[in-house]
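Computed from the coordinates by the stated procedures, all read-outs in this text should not be read as laboratory data. Nothing here was measured: the structure is a model prediction, and the numbers come from that model. Reconstructed Cβ throughout: ideal geometry from the backbone, glycine too, with neighbour counts over all protein chains shown.
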Amino acid sequence: MTRSDFMNRLRAGLAGLPPAAINDLAADYEAHFEDGVAAGRTEAEVAAALGDPARLARELRAEAGLKRWETEKNPSAAAAAVFAVLGLGAIDILILLPILMTVLGIMFGVFFAVVGTFIAGGAVFAIGPFVGAPGGPLAALLAGLGLMAGATAAGTLLAITAIWLVNGLVWFARLHYRLLKPAIEPQAQGRA
């Protein structure tokens, strides 16, 4: 594989990352080619030592997604980290994706239940004292507050669970990468 083929495939695999990040990563691999050619190796030898550019791009995208999650901790960064982890291995997707989709489905259901309960609590709090609720106005106010407090507590637990899930996926990705890295590195060092 030539230098331009390798770089084109690497850039294509990195599509979607910020342009500055793509340029920085591409410059690093251009430097590998320059160093290799300066040491007397051919472009094909350097490309072979670096490995498959598509797989390399998936690993770089995963690492970028994980770093973004660590710095931003928002839903967009969480989604990027999750998809980066899922992009690492096709076999992992077959096992992890059904479990992850089930958990995410349950979490979305709980989220909508929490929002509905909070709104219902607000309605009981606001309207209950005026419609002759059982137990009187004070009971309606307390019931409304109780529903809203319960919904807030459940929402907090849901947020903590979501953060825990994303952190678990980040841990899984790092573990996955650490397990693959020794298998990739000796080849790269032996040829480089």
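Show me 46-57, 15-26, 138-149 ranked by packing, highest mean number of other Cβ atoms within 10 Å first.
Listed from highest to lowest mean packing, they are 46-57, 138-149, 15-26.
Just to confirm a number: summing +1 for Lys and Arg and -1 for Asp and Glu over residues other than Ser4 whose beta-carbon lies under 11 angstrom from that of Ser4, what do you get?
Residues near Ser4 contribute 0 overall.
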